[in-house]
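This report concerns only the one structure given below.
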Amino acid sequence: MPNLSSQLRQSATVKALAIGILIVVLLIPLAMIEGVIKARDRTNAEARDDIQQAWGKRQTIAGPVLVLPYETVKEDSKGEPQIRRHELYVLPSQLNIEADVDSEIRYRGIHNVPVYTADVRFAGQFNRMDPAALGIDHGTIRWQDVALVVGIADGRAIGETPAATLNGKTFTFAPGGQVIDDLPPQIRVALDTLTETDRGRPLEFEIQMAIRGSERLSFIPLGDTTNATLTSSWPSPSFNGNYLPSERQVSDDGFEATWQVSSIGRSFPSQWRRGTNTAKSMSSEAFGVEFFMPIGIYRLTLRAATYGVLFIVLTFISYFLIETVAGLSLHPLQYLMVGSANLIFFLLLLSLAEHIGFAPAYLVSALASSGLIVGYSTTVLGQRRRASMIAGVLLVLYGFLYMTLKAATYALLAGSLGLWAALAIIMYLTRRIDWYAKTDLVQNTRVSGA
């Protein structure tokens, strides 16, 4: 009875089973490499969070909103009058937003995040208030407690204390907490100095503030008519939210975008009373811009690693076919070394991409890994022509993988077509091989193209 060594030399079936076991074994270090990539990605996320905590988080700005406290009197069960306090919220009839955004990239070690400083100006007016439309007696309003609030997601990132001008009078903002539900935390201005004349006519306002943030800047369109203009030096914006800009200009020097939003398509009214649940979807109406950066090196590297088993399988199949056709006898350890060289590519890609970028790292890692395999193949396969065939296979694999990673929209389609093409080529090349014959006695094997 032939021993295992003899079976490996003579039986294609036993050799194929041995190669399959090697592939399963190599999945263990491949999974470990994927774990390293995910760990580095978590470290990157922690570094980005540290930068955002110190500089400013993603900002959503809402406002301004006029807050009118009022009182009602209702008798209790004993007939005693009880005073109850309520709030009426009024949105501006016209809201103009201008934001000049100065963007840059901040680093924490090798990790980075796009940040910005935005000079924001709100201007517009509130029409003459009409509490009677909601059944509120004008005389019950506590005019001494009337306030103007602006919502800001991360108030810590406000520069100088913002100021507001209303009908020619200047007011200074103070912390306001969560006055209005479903809006970002608010800052407020007390309007206790408004005169009777101010109360009976449209209230014109202008608010200016400088605010820091990172990655995204959004606004909630609270005006019956909201016009917004954003300008920035960031060359690759991604406009998002519930509304897209009506006009935009994007170049290498930055962008300018304009929004025009009407209250007709808005899901909340122009004024409401606290607790009536009419404004619960206000935050979902936000629009703005994300300071887009290409897919991160960790996501790209992890996506590349998911193709690791394909690299191993196709390289092993190429070796196996050459071994079968040429009548060679390769040891499983030689396959293991080739598979290990394939895995080194992904580790090199990760470590180099953190320092020189993904594209240069991909090129260097592919050359290093394929150089190992081709150099080794020149000796173990016995001929340079056979090693050249392996080099061709690797060139196609690395080129295919890079195009698949870059074509994010068509990644699944490209991957599926690539696998189909690889299987079709293998089936075509092996259609005449008698797999039951001994490896060194293949009967009149003719492989088209080999």
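The values are calculated or read from the model by the stated rules, or taken from the named source; none is laboratory data. Quick caveat: nothing in here was measured; it's all calculated off a predicted structure. Quick reminder, even Gly has a Cβ in these numbers, built from the backbone with ideal geometry, and neighbours come from all protein chains shown. In case anyone asks, the SASA skips ligands and DNA or RNA and just uses the protein heavy atoms, side chains included. Shrake-Rupley method; radii C 1.70, N 1.55, O 1.52, S 1.80 Å.
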Describe numerically, in nm with one decimal, the distance between label points set 7 Å from Cα along Cα→Cβ at T140 and at I105. 5.9
Could you report the accessible area of V250 in Å², rounded to 10, computed with a 1.4 Å probe on the protein chains as they sit in the structure? 80
Test of the criteria: in the range 241-292, which GluC sites (Glu not before Pro) are in a DSSP loop and have at most 16 other Cβ atoms within 10 angstrom of their Cβ? none
Gained length - S416 relative to N112, 0.36 nm times residue gap less alpha-carbon distance: 106.1 nm
How large is ³J(HN,Hα), in whole Hz, for each residue of the range 177-187 in order, when computed from phi with the Karplus curve 6.51 cos²θ - 1.76 cosθ + 1.60 and θ = phi - 60°, using x for Gly and Pro? x, 9, 6, 10, 5, 6, 10, x, x, 10, 10
Please compute the modelled spin-label separation between Q208 and Q260, points set 7 Å along Cα→Cβ, answer in nm with one decimal. 2.8
Round to a whole number: what % of the accessible area of the range 26-65 belongs to carbon and sulfur, probe 1.4 Å? 55
